[in-house]
1. For region A:197-325, what is the charge dipole size about the Cα centre, in debye to the nearest 20, if Lys and Arg each add +1 at the Cβ and Asp and Glu each add -1 at the Cβ?
2. Using a/c under 1.5 as the rounded threshold, could you call the protein assembly as shown rounded, prolate or oblate? The axes a ≥ b ≥ c are square roots of the C-alpha gyration tensor eigenvalues, and prolate needs a/b larger than b/c, oblate otherwise.
3. Net charge near A:LYS119: determine it from the other residues with C-beta under 15 Å of the C-beta of A:LYS119, scoring Lys and Arg +1 and Asp and Glu -1.
4. Count the net charge of all other residues whose Cβ sits under 12 Å from the Cβ of A:LYS303, scoring Lys and Arg as +1 and Asp and Glu as -1.
5. Among B:VAL147, B:GLN114, B:ALA131, which residue has its Cα positioned farthest towards the positive end of the charge dipole of region B:111-151, with +1 placed on the Cβ of Lys and Arg, -1 on the Cβ of Asp and Glu, and the dipole taken about the Cα centre?
6. What's the exposure ranking of A:ILE314, B:ILE198, A:ILE248, going from fewest to most Cβ atoms within 10 Å?
7. Only four residue types carry charge here, +1 at the Cβ of Lys and Arg and -1 at the Cβ of Asp and Glu. Report the dipole size of the protein assembly as shown about the Cα centre in Debye, rounded to the nearest 20.
8. Run lengths n ≥ 4 of DSSP H only: what is the helix-derived mean residue ellipticity at 222 nm for chain A, with -39500 (n - 2.57) per run over all residues, to the nearest 500?
Amino acid sequence: MTTRRFARLAPVGAILCLFLFSGPALSADDPVKTELSKWDTVRDKVPESIEELKALQAAVKKVVEKSTPCTVGVMIGMGAGSGVIVSEDGLVLTAAHVSGEPNKDCTIILPDGTRVKGKTLGTNDKVDSGMIKITDKGPNDGKWPYLPVGKSADLKKGQWLVALGHPGGWKRDRPPVARLGQIQDPGKDTIRTNCTLVGGDSGGPLFDLDGNVVGIHSRIGYTLASNMHVAADAFKTEWERLAKGEAIGKPARPAPAVLGVTFGSTTGVQDNDSTEIKEVAEDGPAEKAGLKAGDIIVEFGGKDVSTADEIRAIIRKKKPGDMVEILIKRGTKTIPKTITLGKRDS
Amino acid sequence: MTAIRRYLAIAILLFGLGSANAQPSGTAGTKILAPFAPIVAKANTATVRILCDDKDAILGTVVSPDGYILTKASELKGAVSVKFGDGSLLDAETISIHKPTDLALLKIDMKGLQAVKFDDSKKEPIGNWLAAAGVGKNPTAVGIVSVMTRDLSGQDAKNELNANRGFLGVQLAQTDDPDGGVKVDSFGDNSAAKKAGIKLGDTIIAANDKTISGAQALFEALNETRPGMKIKIKVRRKDKTADTTEELDFTVTLGGPQADRSAIQNNMGGELSGRRTGFPTVLQTDMILEPKNCGGPVVDLDGKVLGISIARAGRVETWILPSETIRPLLADMKAGKFPAVHTEKKPAPVLPTAPAPRVKKK
């Protein structure tokens, strides 16, 4: 994940980096015993008896069993996060700061450790929602196991939830790690719970006790009750745009402008403390303006400059196509030039 | 990389502000504990409070009626005594210490104790409730199985050091000096050693007047320290141009570990156990168990003892040493296989490079 992304999200709290996985054993419930009372999945109170503890436990285990196969690890470049499969053709919900830029290759790690290929789709930086598409075929006639996405607006404070994810990043022989908690604050775009999260969980799923995906792990605050998840509804309102690969809420970043030179003495090594041009790129903006190796730039865009970094700082604020007035020293002469800045190739 | 640092600085600042209105947390707070009282009742009778130099240190698990108690070894120091529910206090002798599991076997002069019976843990499924026994009526904490009992040997690099120890902020190298010691090879960010005046190339030869033969000896000397504590470091410094060697003393105010993002996040949400890595097998739970309440038995809803809580290991995890690991070990410890009394040790071999502290890649 890029440093820029982290920096951008920092004001909201700590960003999580992630990883997850699966595979619980079935418990043999004694069939002779009296039936377990059933846990009301929207109940907002704590269990008050052993019987109620057992009922809640049964509901939690059912969710874990069903959702573990669909909870995945996501690897993009050096970054590691989590995600959850929500369609039979392999659509994965994750966090925007995990998936990053649209249309990039990534690796999805299934609960059994199998790695499959994926492509990042859209992101919404405002809420930290992201989508990925698994490009490999699923295991069941080409289809993927998947989980339904619930309605997060229906969540109530106190309601019990299960979080899965890969805290600390995906780890060999460790399935997705389960955590139990309750809603602390059911927000429209962000849900706060006390299901504890840590770096690596980002993008992992939050489930209600009916097994619906109701949130995606995003970031944490200082206390153990400050675990923030992107609300499922925030995905739904932008679903089409995310699936199409749009980067929503990202300020349009112009391509960087370039001058087409390297600095340093023509006789010595690269030197950032010099404004002497060492090399001029063929067909680049500087060459087109008539600059040559050995020229020393003394004024750039109306400012006196004495180091290459000063020039670079000015260029960073410009767009490709911008015209810049400069003054160069060539031998004993001082010559004014006008340069039209270019666009970086790749 | 600088962008990441900047981000960290901002994030920490925000967390710092957040802590001002910190709220109690953990699964449903304390209300959830009450229905577990009958479930932990039996295990609580086999749980004791361990005191070190008359201060609350950790919990212990009574493992046989004739006075044997297991606890977390790395938390023990000074005079060890055992406190019972009725307030009675008994001196304890440390019989055995097993480093890989961080278990210590204590013996007290008492018979007829309530002891736990260790049940199998490995089939306990993800999602099952767990309760940590304590010395009161309720459990000290509850949570669920996050990851079933698993083998960590080979994965969790063998690190039996106290993660909360003080750090010099140096990377070490083997010295070519025939007189031994460890060479300071590079400094970490904000290096405590550098601030104190130690230079690259210096050879550390003593810590608090104890001779340092190699890296292992230095780690052992640091293991009982904490960030902020002062340590006396003696170095041998060679002046190549003048071809002289001098011995210099420095007082180093120890720092913390090099904080990477993962360490910062794991420390958000409460104190962690000192020794929290290097265990061979663990059952992982999301229960928020304070480090001082580790060492006691952990049960499921049927009251089965699945193991002993061994470490608050991170923001999202507490680790339980499973019964399957404890049972065979207990017999060996009782038989005196891992004596606690340190016998004369040969000087430890000098490690080629030191595993800690970590220095961030530029």
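Just so you know, all these numbers are worked out from the coordinates, no wet-lab data involved. Here the structure is a predicted model, which is why all the values come from computation and not from measurement. Here Cβ is always computed from backbone atoms with ideal geometry, including for glycine, and neighbour counts include all displayed protein chains.
1. Around 340 debye, computed over region A:197-325.
2. Numbers: a/c = 2.68, a/b = 1.31, b/c = 2.04.
Oblate.
3. Every neighbour counted, the sum reads +1.
4. Numbers: positive: A:LYS317; negative: A:GLU299, A:ASP304, A:GLU310, A:GLU325.
Charge balance in the 12 Å sphere: -3.
5. Farthest towards the positive end: B:GLN114.
6. On the way: A:ILE314 18, B:ILE198 23, A:ILE248 15.
Arranged by neighbour count, lowest to highest, A:ILE314, B:ILE198, A:ILE248 become A:ILE248, A:ILE314, B:ILE198.
7. 1100 debye
8. Taken over chain A, the calculation gives -4000 deg cm²/dmol.
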